[in-house]
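Heads up, the thing below is written out as structure tokens.
The values are calculated or read from the model by the stated rules, or taken from the named source; none is laboratory data. Not measured: the values here are computed from a predicted model. Cβ placement follows ideal geometry from the backbone for every residue including glycine, while neighbour counts extend to all protein chains displayed. Note: areas computed on protein heavy atoms with side chains; ligands, DNA, RNA excluded. Shrake-Rupley method; radii C 1.70, N 1.55, O 1.52, S 1.80 Å.
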Amino acid sequence: MTTSKAQKAESRKGRSIAPSPKEGQVLSGAQQVIAALEAEGVTTLFGYPGGTVIDIYDALYDSEKLHHVLVRHEQGAAHAADGYARATGRPGVCLVTSGPGATNTVTGIATAYMDSVPMVILTGQVATAAIGTDAFQESDITGITLPITKHSYLVKDVHDLPRVIHEAFHIATTGRPGPVLVDLPSDISKAKCEFHYPVEEPNIPSYKPTYRGHSKQIKQAARYIAAARKPVIYAGGGIIASNAEDELLELAELMQIPVTTTLMAKGAFPYDNPLALGMPGMHGARYTNMALSESDLIIALGTRFSDRVIGRKGTFARNAKVIHADIDPAEIGKNRAVDVPIVGDVRGIIAGIVAELRRTEAKPKSLAWVDHVDEMRSQYPMRHPVSEAVIMPEVVIERLNALTADRDTIVTTEVGQHQMWAAQFLDTRRPRSFISSGGLGTMGFGFPAAIGAQAAYPDSLVVCLAGDGSFQMNSQEMATAKAAGLPVKVIIFDNQCLGMVRQWQQLFYHGRYSQTLFDDSIVNFVALGHAYGWHAAEVSDPAQLDEALKDLINSEGPALLNVQIAQSELVLPMVAPGSAIDESVAARNVAPTIMPEGKGE
């Protein structure tokens, strides 16, 4: 997974608004939608047609700039747009019809909202005169999605269409990114007027994100950092959203501060840097959680203190002061008391802190601390058993690392045990090359997200890591990948169960496996792959794993590899829900009770 300069440059591009060649022409609302997307620089659109958007699809037929990917389910369209956005940094766009078409996107919208992903969702709606009458395929999609969008619009006048779409893209991509929905009644799509698309930045009085951190708070943060003897940087997805990975590295190395990166920030800090601590929290390494627990200063950058990271409230980093920088003021102080709050764009804030540290000629006081963290790393290493009889899931990740080391690779995951094994063991070499549902934990996300990432970068190797449970939630999108010529690769960790729920049942519910074990005779994933015209294979012998992975990676078209793993495998270490993060279950294949702290290390 080598860094692609072209991809990195592409991810830094902002929206480019040039005068539309259709400026001043009389266009229908549907034609205006297409012209607006073209003006916004959209090149890829994911969607599924239906009655209320048929005029928009008719207008799309004439577009020479928009490439449409026809999914097989509207949820797939939303997740694919999400994957496209995470891979590129540009807004993902999807188009669906009204009623069930719109409601099928809800999970995808919520997924993007929880992880701060820029998206514009265009939904059809019944004619304005029919709204509120329970018309055929009517749903109040703006009301339904109110809690899970940054903003939503119901267009009631065709003259408002250009402004609304322009504002939608602006809101989705500025401040804390997120999804914006535009609901388009069918009569608005048919109505006509002169098309005038704004090129200047929208002026929305109620929406004025703060980008520049307060200089007084930045100076105070620099003083805290200069004085700290046991600091830890706790970096979140805001680092990637802000393209602040270079500034993060500079701060960490300047002051010799260990860095822990959340699931959403995987790839934001070099995994092989001596200061890298990996992921914190429920499935973080014990040394990572111990470092946070013993720290005297937490420097939280673009993160929200998720419950999966901090564990039991009131116990997280008990003796540490906290600097919290985030572009969303609502996140600061929400889950953890803060000593130095800084609202603004994290890239500029880090740069300001570094500049202040250099101006004052601050020197790190943390060298003994770094040595101590390294000792804890040696004492509590991330490890897994080796077996010649069965394939260990961690070994699959490690072999994937080795076999893709010289490839420009993007990895997406579904949600479950395989997701956490990837978080623990995958070598992510650059930002935006690891795509996973964090906040919502959406099964069925990873595969359509891989399709979105592959559509964005057709020449990259895109690999989806899936479980046998999660893959079946949107496996119909295999048809999408085949029809669109998108050569995505899927690795299924097949343990014939809902692995993560089963793990909880083993550890916390005395082995009462209620509705988590699958009948492994029902699904033949290889036959399913062949049914969709994919290359497909299965492997269960550790000696054949490398050859099977090479065959998968080198396949020209979409390909699937079903990897048989043991049902009993656990993701460890693990912090029990409601526990402090310095309390963990660390032994593998433990009995169905929680082991006391420190046992089995």
Worksheet entry | Which numbered condition Ile391 misses (of (1) open to solvent by 10 Å² or more (accessible area, probe 1.4 Å); (2) at pLDDT 95 or above; (3) not polar (S, T, N, Q)) | (1)
Worksheet entry | Close pairs (9 angstrom Cβ cut-off, 6 or more residues apart or separate chains): at pLDDT 95 or above in the range 141-164, open to solvent by 60 Å² or more (accessible area, probe 1.4 Å) and assigned to a helix (DSSP H, G or I) anywhere | Thr145/Tyr113; Pro147/Tyr113; Ile148/Tyr113; Ile148/Met114; Thr149/Tyr113; Lys150/Tyr113; Ser152/Leu146; Val158/Lys190
Worksheet item: Is at least one residue of the range 150-161 within 30 Å of Ala265 (Cα to Cα) and open to solvent by less than 70 Å² (accessible area, probe 1.4 Å)?
Response: yes
Worksheet item: Ala449: buried (at least 23 other Cβ atoms within 10 Å of the Cβ) and not in a loop (DSSP other than H, G, I, E, B), yes or no?
Response: yes
Practice prompt. Would you confirm whether any residue within the range 548-562 is at pLDDT 95 or above, in contact with a Pro (Cβ under 6 Å, 6 or more places away or on another chain) and surrounded by 14 or more Cβ atoms within 10 Å (Cβ to Cβ)?
Written response: yes
Response to the item:
Over the range 104-146, the set of residues open to solvent by 30 Å² or more (accessible area, probe 1.4 Å), closer than 21 Å to Asn474 by Cα and not polar (S, T, N, Q) is Val106, Tyr113, Met114
Item to complete: Could you list, in sequence order, all residues of the range 500-512 that are touching a helix residue (DSSP H, G or I) at 6+ places or on another chain (Cβ under 7 Å) and within 14 Å of Gly469 (Cβ to Cβ)?
Response: Met500, Gln503
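Test of understanding: among Leu45, Leu95, which residue is touching a His at 6+ places or on another chain (Cβ under 6 Å), aliphatic (A, V, I, L, M) and outside any loop (DSSP other than H, G, I, E, B)?
Answer to the check: Leu45.
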Worksheet item: Looking at Ala226, Ala241, which one is small (Gly, Ala, Ser), at pLDDT 95 or above and under 11 Å from Ile353 (Cβ atoms)?
Response: Ala226
Practice prompt. Run down Gly529, Gly533 and say which single residue is within 24 Å of Val69 (Cα to Cα) and assigned to a loop (DSSP other than H, G, I, E, B).
Written response: Gly533
Worksheet item: Counting only residues that are more than 20 Å from Met443 (Cβ to Cβ) and in contact with an Asp or Glu (Cβ under 8 Å, 6 or more places away or on another chain), how many does the range 101-123 have?
Response: 3
Discussion item. Among the numbered criteria (1) in contact with a Phe, Trp or Tyr (Cβ under 8 Å, 6 or more places away or on another chain); (2) surrounded by fewer than 24 Cβ atoms within 10 Å (Cβ to Cβ), which one does Thr412 miss?
Written reply: (2)
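Quick check, is Pro487 assigned by TED's automatic domain parsing to the domain that holds Ala527, open to solvent by 10 Å² or more (accessible area, probe 1.4 Å), in contact with a Ser or Thr (Cβ under 8 Å, 6 or more places away or on another chain) and not basic (Lys, Arg)? So that I can check it myself, show each step before the final result.
On the way: assigned by TED's automatic domain parsing to the domain that holds Ala527: yes; open to solvent by 10 Å² or more (accessible area, probe 1.4 Å): yes; in contact with a Ser or Thr (Cβ under 8 Å, 6 or more places away or on another chain): yes; not basic (Lys, Arg): yes.
Yes.
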Worksheet item: Counting just the residues of the range 513-531 that are hydroxyl-bearing (Ser, Thr, Tyr) and touching a helix residue (DSSP H, G or I) at 6+ places or on another chain (Cβ under 9 Å), which one comes out nearest to Leu465 (Cα to Cα)?
Response: Thr516
Worksheet item: Filter the range 452-484 for residues that are under 18 Å from Val523 (Cα atoms) and among the hydroxyl-bearing types (Ser, Thr, Tyr); which is most open to solvent (accessible area, probe 1.4 Å)?
Response: Ser475
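Does Ala402 fit the bill of being hydrophobic (A, V, I, L, M, F, W, C) and either buried (at least 20 other Cβ atoms within 10 Å of the Cβ) or part of a loop (DSSP other than H, G, I, E, B) (or both)?
Here the answer is no, as Ala402 does not meet what is asked.
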Item to complete: Take the residues in the range 254-271 that are under 19 Å from Thr413 (Cβ atoms) and outside any loop (DSSP other than H, G, I, E, B), then tell me which one is least open to solvent (accessible area, probe 1.4 Å).
Response: Ala265
Worksheet item: If Pro280 satisfies every condition in (1) out of contact with any helix residue (DSSP H, G or I) (no Cβ under 8 Å at 6 or more places or on another chain); (2) open to solvent by less than 40 Å² (accessible area, probe 1.4 Å) but one, which is the exception?
Response: (1)
Practice prompt. Take Ala291 and decide whether it is touching a strand residue (DSSP E or B) at 6+ places or on another chain (Cβ under 8 Å) and open to solvent by less than 20 Å² (accessible area, probe 1.4 Å).
Written response: yes
Item to complete: May I ask you to say which residue of Lys230, Lys190 is open to solvent by 20 Å² or more (accessible area, probe 1.4 Å) and in the same structural domain as Ile323 (by TED's automatic domain parsing)?
Response: Lys230
Item to complete: Restrict the check to the range 179-195 and report whether at least one residue is basic (Lys, Arg), at pLDDT 95 or above and more than 30 Å from Thr88 (Cα to Cα).
Response: yes
Fill in: In the range 416-441, the residues that are under 17 Å from Ile109 (Cβ atoms) and open to solvent by 10 Å² or more (accessible area, probe 1.4 Å)
Gly438, Gly439, Leu440, Gly441
